[in-house]
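Values in this text are rule-based calculations from the coordinates and carry no lab data. The shown structure was predicted, so the numbers you read here are calculated from the model rather than taken from an experiment. Virtual Cβ from ideal backbone geometry, glycine too; neighbours counted across all protein chains shown.
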Amino acid sequence: MIGQGRWRGFLFLAGGVGCFLLASFLLWTFSGRFSDDGPTTEAGPSLGVRSQEAQVEQVAAPLKEEEWVVYVTGAVARPGVYSLPAGSRVYQLVEKSGGLTDEADAESINLAAKLADGVHVHVPREGEDKATTQGFMTQENQKKGSFLGSASAGLIDINKASKEDLERLPGIGPKTAEAIIAYRESRGLFERVEDLLQVKGIGPKKLEAIRNLITVGSP
Amino acid sequence: MTLLHTSPALVLLLGWSGALLSFSRGAPPSVCGAIGGLAALGLSLLSAKRMDKRLACVASLLVALAALGGFFISWRASVEPTLPQAVEGKGVVVMERPWGGRRALVMDVSGRRWLIYASPALALKEGDSVYLKGFPRRLSEAREPGEFDPHLYWRARGVSGEVLTTELKRSGGGGSLLGWWRTRLRRFLLLRLPPRLRGYMSAALLGVRDPELEERHRRWGTVHLLAVSGFHVGLVAVVFRKLFRNVPLAPAWVSACIWLYTLMTGAAPSALRAALMIEAMILAGWIGRPQSPVHSVSLAAVALLLWRPWWFWDVGWRLSVLAALTLASLASVARTWYGAVAASPTVWCTTAAQIAYTFGSVPLGGLIVNLVAIPAFSLLFPLGAAASLLALLPLPLVGWALWGVEFIFALCEFGLSALSRLLPGELVWFPQLSLVSAVTLFALLGRAVKLSGLRWLIFLLVALVPFV
């Protein structure tokens with residue numbers, strides 16, 4: 001017998017209480033110390049949907065060592081073509097090009113906007129015709145636009161875009177734009193472009209039509 | 001005889017519950033494992049006044065299982081499944097239920113389960129074969145602490161993620177046989193039986209609840225009668241045990257019928273828990289081992305946690321385990337008529353906090369209504385099932401017989417309604433209610449596993465740990 005005497009019984013009892021106390025102490029000490037935010041998406045076969053590849057490229061996490069080539073013009077010290085690390089933002093491009101000049105209209109450009117490979121960023125000068133030349137970013141195959149505030153590499157950020165910005169998208173009228181805004185205000189920000197399918201008035205076809213023109217910014 | 005002799009699975013259940021409770025409070029899996037092991041060691045030491053080598057081996061094994069298992073299930077609960085960029089292929093609808101104004105469909109596509117919220121207009125039913133194309137995303141989580149958490153609910157049902165569909169249509173080819181049978185049976189019940197009878201039979205045979213019937217029973221505090229649980233599985237076991245009493249290998253036949261019934265009802269956590277528990281008791285009887293209700297309930301609960309740890313947060317699993325542990329403890333403590341009478345109010349007491357917390361309130365009427373409802377429905381359900389079988393036969397006067405059974409169900413409802421008016425009102429949740437429920441359960445459990453005096457009091461204090 002391991003414990004025959006009466007005192008052994010009390011020893012077991014004390015040991016049991018000690019275990020519970022230690023467990024409670026551990027629970028109290030380590031509560032709220034753990035969160036697992038690891039990646040949850042794996043690469044897989046893309047659907048045979050038009051433009052899917054381009055979209056995957058936009059939302060995928062940038063690879064290490066990858067560089068973007070970006071063109072900047074307008075009111076910067078050294079306009080030209082620059083190489084920047086993937087994931088850079090407009091202010092990094094501006095810094096690399098020597099900074100804004102005294103003539104630059106700093107309020108017309110969103111310095112926090114995300115860049116993308118191959119975009120053209122124009123920094124307007126004060127007094128420059130804002131209707132056509134506000135700080136914009138274009139991609140080769142995209143129409144020139146002025147997506148201020150909500151701009152992200154020439155794409156409309158559906159988490160931040162105003163009703164007017166959303167209405168610029170093909171097939172999106174005032175009602176659908178309102179529905180998008182109402183959705184993100186009531187249900188929270190969009191996590192991915194496909195979440196738009198949850199919005200009344202947007203079906204798969206409409207989504208495919210605008211997929212290349214939109215993006216989802218981080219909350 | 002100590003806890004380690006009679007109900008070792010209870011040590012494991014409490015250890016793993018401690019581990020998962022710690023995980024839900026944000027402790028890392030390694031710490032959860034340590035807490036599970038310490039809880040098991042604490043219980044083993046608390047229950048043992050002396051310990052021979054055999055008992056020490058059992059205790060060591062349990063502590064190791066509680067620690068390693070606690071770590072494993074906490075780790076599993078923390079890992080999110082990796083999602084592909086897209087989901088495309090043929091699959092089968094394995095679950096379908098109303099979800100607000102929409103339908104929630106669970107589809108098995110390429111060996112993984114996906115959740116789709118679809119319009120009711122699609123009219124997809126369980127067992128239908130479908131072609132699915134879309135983009136997966138993580139299951140949404142509760143917005144506020146204490147709110148219903150779709151993530152935990154669907155993970156407990158094996159779902160990997162939600163799919164935003166770009167294409168969803170019926171496809172040819174074979175669906176699931178079980179789903180096909182369930183749909184056929186559902187159609188039969190809906191088309192051939194009178195309203196009450198079909199409501200009760202849909203609940204008991206398919207696990208599908210009629211909203212109006214559910215609302216009435218919720219008012220009376222008897223909604224558990226509509227959720228397939230130990231009550232229903234137990235009835236099935238009793239009926240088939242009688243039927244197969246003279247058949248060779250009777251326990252095997254009874255087991256097969258129990259599992260068929262459980263699958264037919266949609267394999268809800270309460271039904272699975274009950275089936276596992278009854279299976280453990282049948283097996284124990286078959287091989288000549290002593291039957292311990294507390295051990296069987298704990299074993300069933302532990303098996304479900306090992307399979308899918310997310311059950312721990314499922315209200316169905318919790319209520320089922322709480323009620324079954326209460327009844328099993330009572331069966332060990334008071335095997336007399338007053339034990340039977342006390343069963344219903346005691347279960348009400350141990351489950352009241354969970355019900356009130358989840359559903360907002362718990363009807364006081366349930367305290368007395370269940371005293372009559374449970375014995376009444378233990379007769380009414382077999383009667384209803386027999387009447388449903390009768391409806392299959394092309395006999396004259398079958399319609400009259402069905403309406404006769406309908407009248408008996410209506411009479412019973414009238415009685416329950418009258419009884420519930422004797423104790424009107426509902427109890428809303430308040431923190432002390434959880435304390436009362438937990439202490440009542442632990443007091444009974446402590447007695448059931450032969451703890452007494454100071455050891456029993458310390459065991460009661462363990463019930464307070466989650467509230468600290």
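Converting the Cα gyration tensor eigenvalues of segment A:158-219 into ellipsoid dimensions via √(5λ) gives semi-axes, longest first, of 15, 13, 11 Å. If you take the Cα centroid of segment B:255-279 and the Cα centroid of segment B:61-104, the two points sit 20 Å apart. Against the empirical curve 2.2 N^0.38 Å, the C-alpha radius of gyration of segment B:1-76 lands at a ratio of 1.06. Across segment B:1-156, Cα-Cα pairs farther apart than 20 Å form 62% of the total. For B:K90, the aspartates and glutamates whose Cα falls under 20 Å of its own Cα, not counting residues fewer than eight places away in the same chain, are B:D108, B:E126, B:D128, B:E162, B:E167.
With Cα atoms as the point set, chain B shows a radius of gyration and Dmax of 23.0, 70 Å.
Counting only aspartates and glutamates at least 8 places from B:K450 when in the same chain, those with an alpha carbon closer than 20 Å to its own are B:D52.
In segment B:123-256 the Cα-Cα distances spread across 10 Å bins starting at 0 as 10, 22, 34, 26, 7, 1 percent of all pairs. Take every DSSP beta bridge whose two residues both sit in chain B, then give the antiparallel share in percent to the nearest 5. Around 90 percent antiparallel, to the nearest 5. Annotation: amide H of A:E67 within the under-5 Å range of A:A86, sequence separation 5 or more or interchain, hydrogens built in the peptide plane.
The value given for segment B:86-148 is a Kirkwood hydrodynamic radius of 12.6 Å, derived from the mean inverse Cα-Cα separation. Using 1/(1 + (r/R0)^6) with R0 = 25 angstrom and r between the beta carbons of A:V81 and A:D102, what's the FRET efficiency to the nearest 0.05? FRET efficiency, A:V81 to A:D102: 0.60. Expressed as a whole percent, how much of the Cα-Cα distance distribution for the protein assembly as shown exceeds 46 Å? Here the tail beyond 46 Å accounts for 35 percent of pairs. For peptide B:164-172, the mean count of partner chain Cβ atoms within 10 Å of a residue's Cβ comes to 3. My understanding is that a pair violates if its Cα-Cα distance is over 23 Å; which of A:K205/B:K169; A:K114/A:K205; A:K160/A:K206; A:K114/A:K163 do that in this structure? Table pairs above 23 Å Cα-Cα are A:K114/A:K205. Partner shielding of B:26-35 amounts to 5, given as the average count of beta-carbon atoms from other chains within 10 Å of each residue beta-carbon. Computed over every Cα-Cα pair of segment A:64-121 and binned at 5 Å starting from 0, the pair-distance distribution P(r) comes out as 4, 21, 34, 26, 11, 3, 1, 0 percent. Based on the convex hull around the alpha carbon atoms, segment B:276-344 presents an average projected area of 5.1 nm².
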